[in-house]
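The values are calculated or read from the model by the stated rules, or taken from the named source; none is laboratory data. What you are looking at is a predicted structure, and each value in this text was computed from that prediction instead of being measured. Glycine also receives a Cβ, built like all others from the backbone with ideal geometry; neighbour counts cover every protein chain displayed.
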Amino acid sequence: MRCRFCDNNLTHEFIDLVNAPPSNAFLTEKQLNEPEIFYPLKLFVCHNCFLVQIDEYKDSKEIFNQDYAYFSSFSTSWLDHARKYVDMITDRLRLDSKSHVMEIASNDGYLLQYFKEKQIPCLGIEPSANTAQAAREKGIETLEEFFGVNLAQRLAQAGRKADLIIGNNVLAHVPDVNDFVSGLKVALKDGGVLTMEFPHLMRLIEENQFDTIYHEHFSYLSFHTVRRILVEHGLILFDVEEISTHGGSLRIYARHDEDESKSVTPNVADLLEKEVARGMLKLDYYLDFQQKADKVKYALLSFLLEQKKQGNKVVAYGAAAKGNTLLNYCGVKKDLIEFVVDASPYKQGKYLPGSHIPVVSEEAIRKYEPDYVLILPWNIKEEIMAQLDYICAWEGKFVVALPLAEGGLRSML
Ligand SMILES: [Zn+2]
């Protein structure tokens, strides 16, 4: 296997989560009686560019199919994050009705809707059919395609280069990172700006967020590695912010190499130094991650078995991808967690891939009165705890398995 970015031979394993079904492959009742496909879930680290990456086991077109269940607009905190970003960037770049904004992986228009409100022309690019349709219903022009050099050239020829290109949580999902970033260079206007957000590999490793690993997620990125990839394609990072989304992400700002109108802020050198100080340019930093993940696995299993012995009722909240990685790696099934609640009507009535735990609506919590609610999307735990605060009426408690700071399972309330 060779590095997706630098083509170096990959010999160092980062983590092996063994076998798992694709995390968004929710099952219908009928499908429970059919065979289920599991794929290897093993990551390597490149000892040349330190890109942490998965072997491509399956065509990405197969994963992002019609049934792709994730709709961004179901999370209110994510919507709030998007709105704040749009206000900030509109102001910073002085965007107006003559500007052109492009978002790659625009999902259901959760972000572009705020540009539309400001009457700033925008275009969404979203390969998943049902989310693209939801965006169009909001009046947002959306191309149902994968982004790369080919699409970028067609857009450029049609005079549709962008003043601002946004790519949130997409860089990690791209199988061919070089084709994708080359496309960004082609689609960006001469004085244009690219902003991208992605989970920071430093936070993943240091907070043991192994549940953010799944098949759809090809690459895991440090600031150093992203910078190297962009430079290779004629793009320069001129600013960066550390933000709290998805357990700790980076928001990078890039421009054309040739564009000297935007100077590089001190944030760039500061973060590069921070990563060096943590050891991210040394292989050792990446090599004990498996043991850290196993600690979480054993802690979660001990907790669930203990509750079972004591006759306590445990349910979960949030049928997100990360929950599926956690439950499948830990081997948790319906006997240990009765059901999982999710706000999305697309998931309700279905079953989690692998564990086959049923997905139900929130009503079930009020009826069942569980002793513990295990919050799977821990990155939005505050939002969930506020929403379910009524469980204190029967002395219900919240629990998260991750991120694990000091070892052991943390419970709240
Ligand atoms: Zn490499």
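Taking region 109-123, which residues are in a loop (DSSP other than H, G, I, E, B) and farther than 12 Å from LEU164 by Cα?
If we filter region 109-123 for residues that are in a loop (DSSP other than H, G, I, E, B), which is where we start, we get 109-111, 118-121.
Residues satisfying the conditions are GLY109, TYR110, LEU111, LYS118, GLN119.
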Fill in: Checking ASP176 against (1) in contact with a Gly (Cβ under 6 Å, 6 or more places away or on another chain); (2) within 30 Å of GLY323 (Cβ to Cβ); (3) surrounded by fewer than 20 Cβ atoms within 10 Å (Cβ to Cβ), the condition it does not meet
(1)
Practice prompt. Those residues that are part of a loop (DSSP other than H, G, I, E, B), out of contact with any Lys or Arg (no Cβ under 9 Å at 6 or more places or on another chain), hydrophobic (A, V, I, L, M, F, W, C) and touching a residue at least 40 places away in the same chain (Cβ under 8 Å), I need them from region 313-351; list them, please.
Written response: ALA320, ALA343
Worksheet, complete the sentence: Of the listed residues (ASP294, ASP270, ASP284), the one being assigned to a helix (DSSP H, G or I), without any contact (Cβ under 8 Å) to a residue 12 or more places away in the chain, under 30 Å from LEU194 (Cα atoms) and not aromatic (Phe, Trp, Tyr) is ASP270
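Filter region 54-103 down to residues that are of a type in the set (D, E, K, R), at pLDDT below 95 and under 25 Å from SER222 (Cβ atoms), then give me how many there are.
Total satisfying the criteria: 2.
Taking region 374-401 as the region of interest, how many residues are part of a loop (DSSP other than H, G, I, E, B), more than 20 Å from the chain's Cα centre (by Cα) and of a type in the set (Gly, Ala, Ser)?
Total satisfying the criteria: 1.
So, ILE166, is that one within 21 Å of VAL101 (Cα to Cα), without any contact (Cβ under 8 Å) to a residue 40 or more places away in the chain and in a strand (DSSP E or B) or not?
Details: within 21 Å of VAL101 (Cα to Cα): yes; without any contact (Cβ under 8 Å) to a residue 40 or more places away in the chain: no; in a strand (DSSP E or B): yes.
For ILE166, the condition - within 21 Å of VAL101 (Cα to Cα), without any contact (Cβ under 8 Å) to a residue 40 or more places away in the chain and in a strand (DSSP E or B) - is not met.
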Response to the item:
Counted residues in region 1-34 being within 22 Å of ALA321 (Cβ to Cβ) and assigned to a loop (DSSP other than H, G, I, E, B) come to 10
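Tell me, please, whether a residue that is out of contact with any Leu (no Cβ under 8 Å at 6 or more places or on another chain) and assigned to a helix (DSSP H, G or I) can be found in region 252-261.
Applying the first criterion (out of contact with any Leu (no Cβ under 8 Å at 6 or more places or on another chain)) to region 252-261 yields 258-261.
Within this subset, residues satisfying the condition of being assigned to a helix (DSSP H, G or I) are none.
Looking through region 252-261, none of the residues is out of contact with any Leu (no Cβ under 8 Å at 6 or more places or on another chain) and assigned to a helix (DSSP H, G or I).
Could you please find all residues in region 176-200 being assigned to a helix (DSSP H, G or I) and either within 16 Å of the chain's Cα centre (by Cα) or not charged (D, E, K, R) (or both)?
Here is the first cut: in region 176-200, the residues assigned to a helix (DSSP H, G or I) are 177-187.
VAL177, ASN178, PHE180, VAL181, SER182, GLY183, LEU184, VAL186, ALA187, listed by residue number.
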Worksheet item: Inside region 190-249, can you point out the residues that are farther than 19 Å from ALA82 by Cβ, modelled with pLDDT of 95 or more and of a type in the set (Phe, Trp, Tyr)?
Response: TYR220, PHE223, PHE238
Worksheet item: Hey, any hits in region 228-243 for a residue that's in a strand (DSSP E or B), over 21 Å from VAL101 (Cα atoms), β-branched (Val, Ile, Thr) and under 19 Å from the mean Cα position of the chain (by Cα)?
Response: yes
Fill in: Subset tally (residues that are under 21 Å from LYS297 (Cβ atoms) and within 16 Å of the ligand (Cβ to nearest atom)) for region 1-44
4
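Considering only region 277-287, I want to know if a residue exists there that is over 23 Å from ILE15 (Cβ atoms) and at pLDDT 95 or above. Steps first, answer last, please.
Initially, region 277-287 is screened for residues over 23 Å from ILE15 (Cβ atoms), giving 277.
Filter again for at pLDDT 95 or above, leaving 277.
Scanning region 277-287, I find at least one residue that is over 23 Å from ILE15 (Cβ atoms) and at pLDDT 95 or above, so the answer is yes.
Return the only residue of LEU184, LEU204, LEU171 being closer than 25 Å to ILE375 by Cα and out of contact with any Pro (no Cβ under 8 Å at 6 or more places or on another chain).
Values: LEU184 fails: closer than 25 Å to ILE375 by Cα; LEU171 fails: closer than 25 Å to ILE375 by Cα.
Just a single option satisfies the conditions, and that option is LEU204.
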Discussion item. Restricting to region 360-373, count the residues that are of a type outside the set (A, V, I, L, M, F, W, C) and part of a helix (DSSP H, G or I).
Written reply: 4
Practice prompt. Identify all residues within region 102-134 that are charged (D, E, K, R) and either over 19 Å from GLY192 (Cβ atoms) or free of Cβ contacts under 8 Å to residues at least 12 places away in the same chain (or both); write none if there are none.
Written response: ASP108, LYS116, GLU117, GLU126
Practice prompt. Determine whether LEU51 is within 16 Å of the ligand (Cβ to nearest atom), surrounded by 24 or more Cβ atoms within 10 Å (Cβ to Cβ) and modelled with pLDDT of 95 or more.
Written response: yes
